[in-house]
Amino acid sequence: MMVEAFAIEKGLMKKVLLFVGTYFCFVSFVWTQSSNNENIKFIRAGKLFDSERGKILSDYTIKVKNNKIIEVGNTITIPENASIIDLSAYTVLPGLIDGHTHLLHIENVKDKHPIANEVLFTGDALRALRGAKRAKSFLESGFTTVRDLGNSGQFLDVALKQAITEGTVVGPRMFVSGPIISSEGGQVVGILKHHHQITSNEYRIIKNVDDAINAVRENVNYGADIIKICANNTPNNTSLTIGEMRAVVKMAHRYNKKVTAHATSNLAVWEATTAGVDAIEHGYTIADSTLTLMAKKGTVLVPTDISKKLLYKYFELLDFKGDVEKAVISYQSRKRDRLQRAIKADVTILTGSDNYMDFEISQGEAAKNILVAYQEEGMEPLDILRSSTYLSSKFMNMSNHIGVIKKGAFADIIAVRGDLEKDFSDTIFNVVFVMKDGKVYIKE
Ligand SMILES: [Zn+2]
């Protein structure tokens, strides 16, 4: 009985093995066929921005297979019947990186309690849905990657990132911070102590060094890619201590995460830099001595400035009764002075829009204005683009994968109509092509 059953099983097993073998041969044949024919695209670039060297090259071809770039050069032969994307009339660039976004938060210029309103009256579901719409507008504007730095409730950023990654909604690659680690009050203005939990719905309020360590562990555990802290809490007047920030940095680096600090005053920038953070957001006021310290420690600066056009719009929406012209000139000259001194001190500049205002235009388009703001403050177009691509990816330890058009990188590629060097502020808005991860989202 036992012997017979074994013999039958052996015969059956042979048949099964034969079937499985044939099936996999067939599957691998079909797979080879489709990967050879269907998933290879040749992109003809009239001009190509070399983000590592900050140069414009002419007549290059990019070979894309599935979601990766597999070859870039000016001697690539395109085979007959190949799938060609002809961008020979345009300038092709790596997808842009916005290093400071808040996709889950929007403010009306006149709103006195914007963050409390999100927590109390908007809620997670509506915030997430609105966030999805904003994410799409960023991608359509040419931002294929964003670093989303908090004001996203309790990890709504992690959820939105997941929805984009799995293809449920359309948006850029997201690197997210989770709740901002902050001292008492966060950036929620005017909350009574009795209702302080409203702040804790939006920020991770820490009490001391041990709590700082736990906050980093929490954020990392629930999906943060980067740690964001508030060195100072502007518009509130509290701040973290250097000791608390040191503990955050030590713990974050243990998990290979960068730390970036909201720091608006010179003191906050100096303390955060001393504590060892990797980046400073805003840095509206920075003394030369602090810039020297930043350069020495390799701390990068993300100046979240506003372009002239959006400044005028801001004052209009605010119904500002003062001298608008004077206010704009004063704002711009202060920002220009700070940016120029930072560049002179050899501090690396990364691009970040911090766009969370409703300017009555698409959020992605509004965010693009940050690039124009840097130009208005005297930065050269190709330097701005290098900051928004290669230097941003380098900061994220991703310079072989994003922000570059080279072999092995993800196929995150955009194209613009016009001359980036001669007419930057118009050209950068004329996006005619967007590809992310090998998939085309915009093609004029
Ligand atoms: Zn911000």
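The values are calculated or read from the model by the stated rules, or taken from the named source; none is laboratory data. In this text the structure is predicted, and so the values were computed from the model without any measurement. Heads up, the Cβs are rebuilt from the backbone with ideal geometry, glycines too, and the neighbour counts pull from every protein chain shown.
For this structure, a couple of remarks:
- Residue among Ser141, Ser182, Ser152, Ser177 that is assigned by TED's automatic domain parsing to the domain that holds Val209 and either over 30 Å from Thr238 (Cα atoms) or more than 16 Å from the ligand (Cβ to nearest atom) (or both): Ser141
- Exactly one residue among Thr260, Thr290, Thr285 is within 30 Å of Gln340 (Cβ to Cβ) and without any contact (Cβ under 8 Å) to a residue 40 or more places away in the chain, and that residue is Thr290.
- The set of residues from segment 193-220 being basic (Lys, Arg) and under 25 Å from the mean Cα position of the chain (by Cα) comprises Arg204, Arg217.
- Here Asn81 meets each of (1) surrounded by fewer than 19 Cβ atoms within 10 Å (Cβ to Cβ); (2) within 23 Å of the chain's Cα centre (by Cα) with one exception, condition (2).
One line per residue, one yes/no per condition, for (1) crowded, with 24+ Cβ neighbours inside 10 Å; (2) closer than 29 Å to Leu160 by Cα:
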residue: Ala231; (1), (2): yes, yes
residue: Asn237; (1), (2): no, no
residue: Ala252; (1), (2): yes, yes
residue: Ala268; (1), (2): yes, no
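- Scanning segment 133-149 for residues that are polar (S, T, N, Q) and within 16 Å of Ser399 (Cα to Cα) returns Thr144, Thr145.
- Boolean, Tyr356 is within 16 Å of the ligand (Cβ to nearest atom), within 15 Å of the chain's Cα centre (by Cα) and touching a residue at least 40 places away in the same chain (Cβ under 8 Å): yes
- Looking only at segment 13-66, and only at residues there that are exposed (fewer than 15 other Cβ atoms within 10 Å of the Cβ) and of a type in the set (Ser, Thr, Tyr), the one that is modelled with the highest pLDDT: Ser58
- Residue within segment 200-219 that is farther than 20 Å from Ala268 by Cα, crowded, with 21+ Cβ neighbours inside 10 Å and in contact with a Gly (Cβ under 6 Å, 6 or more places away or on another chain) present: yes
- Counted residues, segment 221-242 - those being within 22 Å of the chain's Cα centre (by Cα), away from the ligand (no atom under 14 Å from the Cβ) and in contact (Cβ under 8 Å) with a residue 40 or more places away in the chain: 5
- Residue tally, condition touching a helix residue (DSSP H, G or I) at 6+ places or on another chain (Cβ under 7 Å) and part of a loop (DSSP other than H, G, I, E, B), over segment 65-107: 4
- Selection within segment 123-134: residues that are more than 22 Å from His262 (Cβ to Cβ) and either in contact with a helix residue (DSSP H, G or I) (Cβ under 8 Å, 6 or more places away or on another chain) or not small (Gly, Ala, Ser) (or both). The member of this set that is nearest to the ligand (Cβ to nearest atom) is Arg130.
- Whether a residue is surrounded by 17 or more Cβ atoms within 10 Å (Cβ to Cβ), in contact with a Phe, Trp or Tyr (Cβ under 7 Å, 6 or more places away or on another chain) and either among the acidic types (Asp, Glu) or farther than 29 Å from Val259 by Cα (or both) was assessed, and Ala415 passes this test.
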